[in-house]
Amino acid sequence: MQRPAEPTVRLAINVVQSAWRRRESCSSPWLLDLVDGHASPEAVAEQQDAVERAVLLLMETLTPTQRAAYLLREGFGHPYVRISELLGLSVANTRQQVSRAQQRLAADRRRQPVDSVAHRRLVQAFFGAARSGDVERLGRVLATDAGRLPAGR
């Protein structure tokens, strides 16, 4: 049985994966236009809101390291080796972080308060990565949040 949070996270990941697959052939600057070029403004706003809620859910539920590993793996399809290099973890530990993230999301364990500035920064980095296909900034934001990079880098 799916918990109510899972469809929101899955929607956000589907949006990113769809944008990622189409990024080379689309010149549109809007993430959700990549998913459906004929979507109404209301539908686009609803989808953007769903992505923002999904990011909030990830921030409430997962540790920064789990969030980084999960988003890069599930959202952008990065190989574990690349994620482990970014986060300074072993490949086995990176796999474990993704597994723990999946377990926590399935259990719907929201515990952590979320700073609105950090949420906005992560949402903007997420949309930027999905739009352009360049995940470097998102990776830096996630790694910084996980304490793996200094904030100014």
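Bear in mind that the values in this text are calculations on the coordinates, not laboratory data. These numbers come from a predicted model, not from an experiment.
Does segment 86-126 classify as rounded, prolate or oblate by the C-alpha gyration tensor (a ≥ b ≥ c root eigenvalues; a/c under 1.5 gives rounded; else a/b over b/c gives prolate, otherwise oblate)?
Cα axes put segment 86-126 in the oblate bin.
Binning at 5 angstrom from zero up to the longest distance, how are the C-alpha pair distances of segment 41-89 distributed in percent?
5, 20, 23, 19, 15, 10, 6, 3, 0
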